[in-house]
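One structure is given below, encoded as structure tokens.
FYI, it's all coordinate maths here, none of it is from the lab. Just so it is clear, the model here is predicted, and its values are computed rather than measured. Cβ coordinates were reconstructed from backbone atoms using ideal geometry, including for glycine residues, and neighbour counts include every protein chain displayed.
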Amino acid sequence: MDFNIFGILAIPALVVICYLIGEAAKASPIDNKWIPIITGAAGGVLGVIAYIIKMPAMYAEDILTAISAGIVSGLAATGINQIYKLFKGKDNG
């Protein structure tokens, strides 16, 4: 499959997938303090997958860069959630 069609959307796609994984973890009985670790780890795994399938927007030249870019994407998903809460108002749960 040619992943060149995704172009620059690969990194935001990692963030969105990690965000959804974080929301799934939030809906589970897992304690919320683990969500950043879960999203960071998921991002690391997704970064490796993106590196292996050679997604063009994954500018990693080695596996460690791919892992760190994925982890940052996963942690960005947690930050996006916090920004959403800031504009939404107080957290209800």
Modelled label-to-label distance, Ile83 and Ala27, 7 Å Cα→beta-carbon offset: nm? 2.4 nm
Once Rh is set to the Kirkwood radius over Cα pairs, what Stokes-Einstein translational diffusion coefficient, in µm²/s, holds for region 3-88 at a temperature of 4 °C and a viscosity of 1.567 mPa s? 100 µm²/s
Region 22-74: which trypsin sites (Lys or Arg not before Pro) are DSSP loop and have at most 14 other beta-carbon atoms within 10 angstrom? Lys54
Label-point separation (nm) for Ile63 and Val16, each offset 7 Å from Cα along Cα-to-Cβ? 2.9 nm
